[in-house]
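The values are calculated or read from the model by the stated rules, or taken from the named source; none is laboratory data. The shown structure was predicted, so the numbers you read here are calculated from the model rather than taken from an experiment. Note: ideal-geometry Cβ built from the backbone for every residue, glycine included; neighbour counts use all protein chains shown. What goes into the accessible areas is simple: the full protein's heavy atoms, side chains included, and nothing from ligands, DNA or RNA. Shrake-Rupley method; radii C 1.70, N 1.55, O 1.52, S 1.80 Å.
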Amino acid sequence: MKRLKTGGREIRLHNRSRILEYVYMRGQTTKQQLVEALDMSLPTVIQNVKELLSEGLFRETGQLQSTGGRKATAVAPIPCLKVAVGADVTRSDLGLVLVDLTGSILLHRRIACPFEPVPAYYERVGQLILAFIRDAEHLPGGGIPREAVLGVGFSIPGIIDQSGEEIVYSHALDIRNVPCERFRAPLSGLPCVFLNDASAGCFAEARGLEEPAFVYLSLNFCVGGAIFLNGQLYPGVHQHSGEFGHMRLVPGGKRCYCGQIGCIDAYCAAVRLSALAGGSLYEFFRLVHEGDPACQSAFDEYLDWLALAVTNLSMAYDCEVVVGGSVGSFLDEYLPELRRRASPLNTFEQNGEYLRVCRHHLEASALGAALQHVDAFFQSFQ
């Protein structure tokens, strides 16, 4: 993510990092394209590209088709130079992804793994992750060696303290003040980072966007969210930023698990839908698609509450609102209808264009957690 550099040496290192990250995010690129995209001089680009090529951090891919003048030599990412693992911890499952430096998911898996705050659970999670890494060694094309793994990013449905070393509270897992070391210990020294699940989903959503500023509404077992501002997540003073699930939606309404009345969570949590289909969101939306009256009626009411919630976020933050989480991954075909319901509620935006659905439907939180290591890798060249 963007960081401001001021000193001469810092600027040189920052340029180096920006070039490397750009090539991996955009793919095959010429020096001239780097000059134009990153607003650098040609000599600066040439020198940095030469150094990065000599260090084996990307590769030349030959000359591109000429549009007049000399043909341009392109550089491109090296597939699987480095990878990271993302692990999404939920009440019932463990979602795993293997992500390369381009942000592409190379391998993914979701495994039934009911959470229990006991040593055997943490050992099992560690074993599943290590087995997943071993499986990556046998991927087509030569596999991914263990030494290419940068680390593991954990997405946790709860509040992580400022140090990133303690799960302060998780309603979904029903725990308080649990050291993150319990997840790290079985992983044989692999570097680990820990991130709230909504923040992880938001981070994945932000990758590749130009100077993004948006709020992310995460519709999972619980409703959460995150704020992305000036190229980074805004954590809040007490690490509570983005707890949209506990904004009051209906005074005198339904009771929320937090004990308050009328919270967004009481109306928009994923369980409000999945409970009507044996706990499966996939099955719920299948029934909606087939015209099941009970599911259609519940979803119609759900969209009304969701439209009100996203309108309130738009009023508060005056930026794009992204609907994500497990429900968000099913909403592509319903986005026009959601916008239609939200539009008349918004004083300033009459077309609902400020509202969109998340880009990543497959393991977004695990992806965002893994990308913490990818981002750190690029920043390590500064």
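Brief remarks follow.
- Accessible-area composition of the range 124-206, carbon plus sulfur, in percent [1.4 Å probe]: 49
- Cα lying deepest toward the dipole's positive end in the chain, options Val99, Leu345, Cys358, charges on Cβ: Val99
- Net charge dipole size for the range 20-64 [Lys, Arg +1 and Asp, Glu -1 on Cβ; Debye, nearest 20]: 120
- Assigned charges on the beta-carbon of Lys, Arg, Asp, Glu; the range 177-275 dipole about Cα centre (debye): 400
- Pairwise FRET efficiency - Lys254 versus Tyr317, Cβ, R0 = 22 Å, nearest 0.05: 0.30
- Cα gyration tensor shape of the range 108-231, rounded if a/c is under 1.5, else prolate or oblate by comparing a/b with b/c: oblate
- Rounded Å value of the spacing that divides the Cα centres of the range 199-248 and the range 85-101: 19
- Debye-sum result for the chain in log10 I(q)/I(0), which assumes one identical scatterer on each alpha carbon, at q = 0.06, 0.07, 0.14 Å⁻¹: -0.26, -0.35, -1.24
- Residues of the range 4-49: accessible area per residue with a 1.4 Å probe, Å²: 55
- For the chain, built as a Gaussian network whose Cα springs stay under 10 Å, the top-fluctuating residue of Leu249, Leu53, Leu107: Leu53
- Using only side-chain charges placed at the Cβ, +1 for Lys and Arg and -1 for Asp and Glu, the dipole size of the chain relative to its Cα centre rounds to 980 debye.
- At a probe radius of 1.4 angstrom, the accessible area of the range 158-220 per residue rounds to 39 square angstrom.
- Under the simplified labelling scheme, the His361-Leu106 pair shows an inter-label distance of 2.5 nm, with each label point 7 Å from Cα along Cα→Cβ.
- Residue among Leu187, Ser380, Ala213 farthest towards the positive dipole end of the chain, charges placed on Cβ: Ser380
- Under 20 Å from the Ser297 label point (7 Å along Cα→beta-carbon), backbone N, the range 222-254: 254
- Per DSSP, loop chymotrypsin sites (Phe, Trp or Tyr not before Pro) in the range 298-382 with at most 14 further Cβ within 10 Å: Phe348
- Separation in nanometres of the label points that stand 7 Å from Cα toward Cβ, at Thr347 and Arg12: 5.4
- When the solvent-accessible area of the range 291-364 is split by element, carbon and sulfur atoms take up 51 percent of it, the probe being 1.4 Å.
- The Ala185 and Ala37 beta-carbon pair, evaluated with R₀ = 35 Å, returns a calculated FRET efficiency of approximately 0.25.
- Screening the chain for DSSP H helices whose Cα atoms reach 24 Å or more along their own axis and whose mean Kyte hydropathy is at least -1.0 gives 8-26, 119-136, 293-317.
- Comparing Tyr317, Ala148, Leu173 along the charge dipole axis of the chain, the residue lying farthest to the positive side is Ala148, per the Cβ-charge model.
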